[in-house]
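Right, one structure below, let's go through it.
The values are calculated or read from the model by the stated rules, or taken from the named source; none is laboratory data. These numbers were taken from a predicted model, which means no experiment stands behind them. With ideal geometry, Cβ positions are generated from the backbone for all residues, glycine too; neighbour counts draw on all protein chains shown.
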């Protein structure tokens, strides 16, 4: 039985272009900075705890991470961190906002091929200004019927997008590297997913149960495999 998939969504960070690598580099530098004040091996976990607590206030992205790094640095060092090192953390945040947009190898060809057969949209979350800049610098914006920059990717967000296209969930497939944000919510609605894991993933995006609707899920390892995966979902 074939599926009438009319709309294919793409995630942005670590699906179209590199992102998490830069955050990991910033986090390593953060740990070296606070390591100059205290000897500890859980700086990663303590920073993540602050980030997770602040998500409802700051949202996702480099600006929220920067504010959380400052807060965590003050807490970890018992407020002994110098103004100079706090400034270094601010500069880390600026570097995250200014890093180049590097497309994953083969991703443009994959998006173009899928776009020749189905309507494609970009659904990405994070800081509005930063995501707009990355979309603009990626050179891919002309391929997408619509670009959605959202504060969260959950069932409510996908339901809204599908309603605007007057489509049922089973007519939608989402491509991304995060089970939590890109795959599980869509499967829960009755849609399809193509999971393309990146070699590193933020801890928050790994905190989800494995999807159960495996018949509506495909997994690939590289962009060149995406068009065939979508066709496989359509074929049933």
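Residue count for segment 131-147, restricted to those that are within 21 Å of residue 162 (Cα to Cα) and more than 15 Å from the chain's Cα centre (by Cα): 6. For segment 161-200, the candidate set comprises residues that are assigned to a loop (DSSP other than H, G, I, E, B) and more than 15 Å from the chain's Cα centre (by Cα); within that set, the residue that is surrounded by the fewest Cβ atoms within 10 Å (Cβ to Cβ) is 166. Exactly one residue among 85, 78, 39 is within 26 Å of residue 130 (Cα to Cα) and not assigned by TED's automatic domain parsing to the domain that holds residue 152, and that residue is 85.
Inspect segment 134-141 for any residue being touching a strand residue (DSSP E or B) at 6+ places or on another chain (Cβ under 7 Å) and closer than 30 Å to residue 72 by Cα and give the result as yes or no. Within segment 134-141, one or more residues are touching a strand residue (DSSP E or B) at 6+ places or on another chain (Cβ under 7 Å) and closer than 30 Å to residue 72 by Cα.
One line per residue, one yes/no per condition, for (1) touching a strand residue (DSSP E or B) at 6+ places or on another chain (Cβ under 6 Å); (2) at pLDDT 95 or above; (3) under 19 Å from residue 18 (Cα atoms):
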{"site": "107", "(1), (2), (3)": "no, yes, yes"}
{"site": "120", "(1), (2), (3)": "yes, yes, no"}
{"site": "125", "(1), (2), (3)": "yes, no, yes"}
{"site": "128", "(1), (2), (3)": "yes, no, yes"}
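Look at segment 143-156 and say how many of its residues are in a helix (DSSP H, G or I) and modelled with pLDDT under 95. Summing the residues that are in a helix (DSSP H, G or I) and modelled with pLDDT under 95 in segment 143-156 gives 0. Please work out if residue 63 is in contact (Cβ under 8 Å) with a residue 12 or more places away in the chain, closer than 24 Å to residue 199 by Cα, within 26 Å of the chain's Cα centre (by Cα) and exposed (fewer than 14 other Cβ atoms within 10 Å of the Cβ). When the stated conditions are applied, residue 63 does not pass them.
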